[in-house]
Amino acid sequence: MEDYELTLFDRIQVIQETNKKYDLEHNAYLSFSGGKDSTVLHYLLDKALPGNTIPRVFIDTGIEYAMIREFVLKMSKNDKRFQIIKPSKPIKQTLETYGYPFKSKGHSLRVEQYNKGRNSNYIKKYINGYDKNGKPSSFVCPKILLYQFEQRGKYNYSNLCCYKLKKEPAKKWQKENYKSIVITGMRKEEGGNRRRLSCIITVKGEVSKFHPLVVIDDEFENEFIYRERIELCKLYYPPFNFRRTGCKGCPYSLDLQEQLEIMELYLPNERQQCEIIWKPIYDEYRRLNYRLKNVEKIKLF
């Protein structure tokens, strides 16, 4: 039996055993983004649990790519398990009320805390690069961004964007529909904090999250898509060739410049939408020549 088949057998077995133990059919829902991972998981769940009625919940935040939204709507037409929900506030109002994302969730959180007058070791360690005992920190503020910790209240940044647009409406739906477990397509191979992911997450002894794809790599995922003849959102195919399809134009994206350039060529209207929604952050990125190109600075060299 080849590696692909061994991995597939293992993942199917994990899903089936988890279902027997925690009754996923009645207690869980799949957090469906319309992206590659959640689409693969949608089909993998059906392969492991034929005829399952596990809801697929898509959150229409208002900043999803139009093709992602169309892809989900197309799937929902022939599959009653798909549920489409919205956040309580539109994206622009959410950002103006709770703050804009800048650099990363960790950085945005620290700026928000600093603005509220906090000066904890958590923030000092990030600014100085070491803790009170002189131990170096692995997560340090780039020198170019230190100015954001010099004047309280000046920068309206926070890490609440994702929570307000996605987690909050998801939790509300989860509570209203009596679901205690969320199934996600997150994988360790994506890096960052996900490298420490466990397949099953518990809170106070109760299972709260199930990540069946946690050990899956790109090679297996691509093979599964090929063998099962799975159709992905058009953004994953030429001429777009997107690797990931989260919120469009998100300032947290490391390849933001590349995303915007692709959008400029093939999705100009959505590119313009991003420029309007994220304007304060894009302007600052470009001023700093950080993550987005500052054309004026480039011309000087």
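Nothing in this text is a laboratory measurement; each read-out follows from the coordinates by a stated rule. Source: prediction; values computed, not measured. Cβ placement follows ideal geometry from the backbone for every residue including glycine, while neighbour counts extend to all protein chains displayed.
Per-structure values
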| read-out | value |
| --- | --- |
| Dipole in debye (nearest 20) - segment 102-149, about Cα centre, beta carbon charges: Lys, Arg +1; Asp, Glu -1 | 60 |
| Segment 102-149: Lys pairs at Cα distance under 21 angstrom, eight or more positions apart or on different chains | 17 |
| Cα gyration tensor shape of segment 80-214, rounded if a/c is under 1.5, else prolate or oblate by comparing a/b with b/c | oblate |
| Among 207-219, 255-267, the order from most to least packed when residues are scored by Cβ within 10 Å on average | 207-219, 255-267 |
| Total charge dipole magnitude, the chain, about the Cα centre, Cβ charges on Lys, Arg, Asp, Glu only, Debye to nearest 20 | 1620 |
| nm² value of the averaged projected area, convex hull over the Cα atoms of the chain | 19.1 |
| Stokes-Einstein D (µm²/s) once Rh is taken as the Kirkwood radius of segment 130-184 over alpha-carbon pairs, at 37 °C in 0.692 mPa s | 216 |
| Packing-based order for 241-252, 279-290, using average beta carbon neighbours within 10 Å, highest first | 241-252, 279-290 |
| Cα-based radius of gyration of segment 102-149 once divided by 2.2 N^0.38 Å, which approximates compact folds | 1.05 |
| Fraction of alpha-carbon pairs over 14 Å apart in segment 256-300 - percent | 51 |
| Of 153, 200, 72, farthest towards positive along the dipole that unit charges on Lys, Arg, Asp, Glu beta carbons give the chain | 153 |
| Centre separation in Å (Cα based) which lies between segment 3-62 and segment 106-168 | 36 |
| Where no second cysteine Cβ lies under 4.7 Å, the cysteines concerned in the chain | 141, 161, 162, 199, 233, 274 |
| Partner lysines for residue 175 [C-alpha distance under 24 Å; skip if fewer than 8 residues away on the same chain] | 20, 21, 80, 86, 89, 164, 166, 167, 204, 209 |
| Antiparallel bridges, percent of DSSP beta bridges restricted to the chain (to nearest 5) | 30 |
| Projected area, mean over directions - segment 1-153, Cα convex hull, nm² | 14.7 |
| Descending principal axes extents, segment 166-301, alpha-carbon based, whole Å | 58, 37, 28 |
